[in-house]
Structure formats: C-alpha cells, structure tokens
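Heads up: the structure comes next, in structure tokens.
The values are calculated or read from the model by the stated rules, or taken from the named source; none is laboratory data. Keep in mind that this is a model prediction, so the values were computed, not measured. Because the Cβ atoms are built from the backbone with ideal geometry, glycine has one as well, and the counts that use them run over all protein chains shown. The accessibility values were calculated without ligands, DNA or RNA, using every heavy atom of the protein model including side chains. Shrake-Rupley method; radii C 1.70, N 1.55, O 1.52, S 1.80 Å.
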Amino acid sequence: MNSDERVDILKRTTCLLLQSGFQANQIGYRYLREAVLIACQDEETVTSVTKLLYPEIAKRFRANDKQVERAIRNSIETAWVKGNQKVLHEIFAEHLEKTSTRPTNTEVIKVLRDRISKEQ
C-alpha cells in the first residue's frame, strides 16, 4: 500500500469516526483508526484480532495488546453513549437489527473497514 492510499484510508476513517461522535482525544480513537487501516491492508487480521491486530497496534504505539483492546472498547462505549445517534444508527444499522447493545471492537472494525472499502 502506498502512502497516498494510506492517507486516504486514514482520512476516510477519521471522517467516519468524528461524524459518529468518537472523541479524538481518547487513545482508543487513535488505536481504532490504526486498526481500520491495518484491516484494510490485510483483511485476515480481523479474523483474529487478539492474535494479529491488537499486537500489531501495540507494537506501533509501544503499548501492550490488553491496553489496546481496553482503549478501543472504552472509545466505542463513549461514542455509543455520547455520540451522534443518527450517524451511529446509519453506520451500524445491520448490527442494531440483531441487538440493541453496542457493537464489539471486532464488529466496529469490520463495519468501518467494509464501509471504507466500498467507498474506494
């Protein structure tokens, strides 16, 4: 993946996250952006987030995989409670049809990856 594609994916991810109400000051927001970028580069990482995705993010940010998982979960929880409900319901409509609870980290990463891939 060249730098232009990387920048484009990060830009699209940033727009989606900010429109949804994710807070850019949370470290989980940064981890989530990176998770979507990695998932766009290698779709296999989403099939095993605990063994592939979280360790890769942790390596890039000099953290551990438990911190990455918890920070992403916290960021999603904050957005789910305080975010733009209209946009969240639009993006996660399929998930909301199945359950009324917030999506998991993996579900959020998959939905964002799929949405960004469709736009490209």
Quiz prompt | Scan of segment 32-72 for residues that are over 15 Å from Leu17 (Cβ atoms), basic (Lys, Arg) and in a helix (DSSP H, G or I), ordered by number | solution = Lys51, Lys59, Arg60, Lys66, Arg70
Practice problem: Scan segment 18-34 for residues that are crowded, with 19+ Cβ neighbours inside 10 Å and more than 19 Å from Glu56 (Cβ to Cβ) and jot them down. | Solution: Ser20, Phe22
Quiz item: Out of (1) open to solvent by 90 Å² or more (accessible area, probe 1.4 Å); (2) under 16 Å from the mean Cα position of the chain (by Cα); (3) farther than 12 Å from Ala35 by Cβ, what's the single condition that is false for Glu97?
Solution: (2)
Exercise. Go through the residues of segment 78-86 one by one and say whether even a single one is open to solvent by 20 Å² or more (accessible area, probe 1.4 Å), touching a residue at least 60 places away in the same chain (Cβ under 8 Å), not in a helix (DSSP H, G or I) and not acidic (Asp, Glu).
Key: yes
Quiz prompt | Counted residues, segment 16-27 - those being more than 16 Å from Lys110 (Cα to Cα) and either at pLDDT below 95 or part of a helix (DSSP H, G or I) (or both) | solution = 3
